[in-house]
Amino acid sequence: MNILYVSSLIPPQVLDEVLAKNGGCYVVAPNKFHHTIVEGFIGNGNKVKAISHFPAGVEHKSSIKEGELEYFFMKYVNKPIVKHLQIARGVYKQIKKFQKGGFVPDVLICDILNVSVCLGALMAGKIFKIKIAGIVTDLLGVSSHEEKNPIHRIAAKISNSYVKKFDYYILLTQQMNEMVNPKNSPYIIMEGICDDKAPKAFNEVHSKRKLFYAGGRPSKDGIDMLISAFRRLKDPNLELHLYGSVSNVKIGQDPEDGRVFYHGTVDNKTIVEEECKSDLLLNPRPTGETYTLYSFPSKVMEYMATGIPMVTTKLAGIPEEYYKYVYTFDECTEDCYFETLSKILALPSEDIRMKGKEAQEFVLSNKNKITQTARIVELIKSK
């Protein structure tokens with residue numbers, strides 16, 4: 001199958017450059033997600049080309065080859081409206097060029113969150129009669145944070161104007177289907193995808209037991225409650241390592257509790273390496289907001305793949321089968337965080353490690369990139 005993957009995907013070999021220039025504004029998790037999917041397609045014997053664009057301020061060649069995958073990047077002038085029109089037009093013209101050049105795609109797979117590329121791909125798909133699949137990792141306009149941002153509100157309105165027009169849907173949660181697929185077009189629930197090449201637990205015995213948190217928006221995740229709960233744990237051999245931009249703190253040891261370490265924003269390679277050196281991975285997320293119905297955090301899959309045990313809040317978008325393999329916070333409160341961590345840390349160390357190993361085996365066997373992308377190909381071939 002010939003696949004055109006239309007998103008904001010960036011080659012791993014230039015990701016460090018992008019982070020250096022746009023580190024505070026570029027989120028790595030979506031790039032890892034889309035790259036793992038593309039690798040899965042290629043691993044399943046499909047021919048894939050990627051259409052994308054670099055973030056503002058990053059200049060690069062118009063095409064880059066990475067093994068069997070070639071990226072084609074849309075040029076634009078960084079002005080609010082002009083930028084999006086140029087990207088959309090560039091996507092359309094690039095697909096037209098492929099048609100004339102002999103690479104006839106069987107399907108366009110579009111990241112629905114990237115408004116500019118989606119508009120261009122949808123137009124090309126309709127004109128050239130190419131099947132179009134929308135990969136839905138999130139929904140614009142369902143977060144209270146987004147509602148306060150005028151740019152996000154505009155993007156959500158545009159996204160909502162086209163999100164119901166795809167021929168197929170690749171969704172993270174069942175609840176998404178009710179929102180984006182009123183015509184009951186063919187779809188699958190993918191949840192997430194596991195990168196089997198990701199680093200695994202080092203199986204080291206540490207003198208200190210390391211608890212680990214990493215997140216793009218710590219304040220939104222209730223990091224203050226997590227820190228307060230940790231301070232109530234009196235074991236001097238515990239450490240809490242926090243990665244991400246925590247407001248009003250300096251990088252280094254917490255002046256109130258030397259067991260707490262703030263590392264700030266670091267590159268993804270460091271994040272993954274430190275995950276694998278930890279004893280317990282923490283994923284506190286608020287449960288009260290509507291967006292949790294339409295979210296399967298990539299962090300869940302990444303944590304489970306390491307083989308390190310994790311504890312997460314129970315989110316509506318995570319299927320029940322996952323909870324056999326992880327520990328859970330039943331509420332988003334300081335007391336619940338404290339009580340849950342106390343109970344987990346009181347368990348025999350071997351039992352805790354076994355929980356992580358079982359989680360790893362589950363995702364590597366059932367949610368790997370070959371298995372998940374084979375399901376997508378089967379979906380496209382179904383109609």
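The values are calculated or read from the model by the stated rules, or taken from the named source; none is laboratory data. All values reported here derive from a predicted model rather than from experimental measurement. For neighbour counting, all protein chains shown are included, and Cβ atoms are generated from backbone atoms with ideal geometry for every residue, glycine included. To get the accessible areas, we keep the full protein, side chains included, count just its heavy atoms, and leave off ligands, DNA and RNA. Shrake-Rupley method; radii C 1.70, N 1.55, O 1.52, S 1.80 Å.
For the chain, find the longest principal axis of its Cα atoms and tell me its angle to the long axis of helix 28-43, 0 to 90°, nearest 10.
60 degrees
If one takes the longest principal axis of the Cα atoms in the chain, at what angle in degrees, from 0 to 90 and to the nearest 10, does the Cα axis of helix 80-101 lie?
60 degrees
Quick one: which residues, 5+ away or cross-chain, put their amide H under 5 Å from the amide H of MET310? H built at 1.01 Å from N.
LEU281, TYR327
Around ASN368, what is the net charge, scoring Lys/Arg as +1 and Asp/Glu as -1 over all other residues with Cβ under 15 Å from its Cβ? Mind dumping the intermediate values first?
On the way: positive: LYS32, LYS197, LYS200, LYS367, LYS369, ARG375; negative: GLU39, GLU191, ASP195, ASP196, GLU302, GLU361.
Around ASN368, the surrounding residues sum to 0.
Based on the mean of other beta carbon atoms within 10 Å per residue, what is the order of 319-325, 346-352, most packed first? Display every interim value, and only then the final one.
Values: 319-325: 12.9, 346-352: 10.7.
Ranking the peptides 319-325, 346-352 by packing returns 319-325, 346-352.
How would segment 235-372 be classified by its alpha-carbon gyration tensor: rounded, prolate or oblate, with rounded meaning a/c under 1.5 and the a/b versus b/c comparison settling the rest?
Rounded, since a/c falls under 1.5.
Relative to the longest principal axis of the chain, what angle (0 to 90°, nearest 10) does the C-alpha long axis of helix 12-22 take?
Tilt of helix 12-22: around 70 degrees.
Which loop-located trypsin sites (Lys or Arg not before Pro) does segment 1-104 contain, where loop means any DSSP state but H, G, I, E or B and the Cβ has at most 16 other Cβ atoms within 10 Å?
On the way: sites: LYS21, LYS32, LYS47, LYS49, LYS61, LYS65, LYS75, LYS83, ARG89, LYS93, LYS96, LYS97, LYS100; in loops: LYS61, LYS75.
Passing sites in segment 1-104 are LYS61, LYS75.
Once amide H atoms are built 1.01 Å from N in the peptide plane, which residues 5 or more positions from ILE132, or in another chain, come under 5 Å H to H?
Distant-sequence amide H within range of ILE132: LEU108, ASP167, TYR168.
In the chain, what percent of the accessible surface is made up of carbon and sulfur (1.4 Å probe, ligands and nucleic acids excluded)?
Numbers: 9270 of 17730 Å².
Taking all protein chains in place, the chain shows 52 percent carbon and sulfur surface.
Determine the percent antiparallel among the DSSP beta bridges restricted to the chain, to the nearest 5.
The antiparallel proportion sits near 10 percent.
Report the one residue of ILE308, ILE376, LEU19 whose Cα lies farthest in the direction of the positive end of the charge dipole of the chain (charges on C-beta: Lys and Arg +1, Asp and Glu -1; origin at the Cα centre).
Looking along the dipole axis, the top candidate is ILE376.
Heads up, I need the accessible area for HIS35: 1.4 angstrom probe, whole protein in place, Å², nearest 10.
Counting only protein heavy atoms, HIS35 exposes about 20 Å² to solvent.
Hey, what's the chain come to in accessible area per residue, 1.4 Å probe, Å²?
Values: 17730 Å² over 383 residues.
Averaged over the residues of the chain, the accessible area is 46 Å².
Tell me whether segment 1-123 comes out rounded, prolate or oblate; compute the Cα gyration tensor, take square roots of the eigenvalues as a ≥ b ≥ c, and use a/c under 1.5 as the rounded threshold.
Details: a/c = 1.74, a/b = 1.17, b/c = 1.49.
Taking the square roots of the gyration eigenvalues as a ≥ b ≥ c, segment 1-123 is oblate.
Can you list the HN-Hα couplings for segment 252-262, worked out from phi with the Karplus curve (6.51, -1.76, 1.60; θ = phi - 60°), rounded to whole Hz and with x for Gly and Pro?
Calculated HN-Hα couplings, in order: x, 6, 5, x, 8, 8, x, 7, 9, 10, 9 Hz.
Ignoring everything except DSSP H segments at least 4 long, calculate the 222 nm mean residue ellipticity for the chain; use -39,500 (n - 2.57) per segment, divide by total residues, nearest 500. Before the final figure, lay out each step's value.
On the way: 13 runs with 157 residues, N = 383.
One gets -12500 deg cm²/dmol as the mean residue ellipticity at 222 nm.
In terms of the Cα gyration tensor, with a ≥ b ≥ c the square roots of its eigenvalues, is the chain rounded because a/c is under 1.5, prolate because a/b exceeds b/c, or oblate?
Taking the square roots of the gyration eigenvalues as a ≥ b ≥ c, the chain is prolate.
Provide the per-residue ³J(HN,Hα) series for segment 58-69, in order, calculated from phi with Karplus coefficients 6.51, -1.76, 1.60 and θ = phi - 60°, each as a whole number of Hz, with x at glycine and proline positions.
10, 9, 7, 4, 6, 8, 9, 9, 9, x, 8, 9
Considering amide H positions built from the backbone, and no H for Pro or chain starts, which residues 5 or more places from GLU70, or on another chain, come under 5 Å of its amide H?
Sorted by chain and number, the residues that satisfy this are ALA50.
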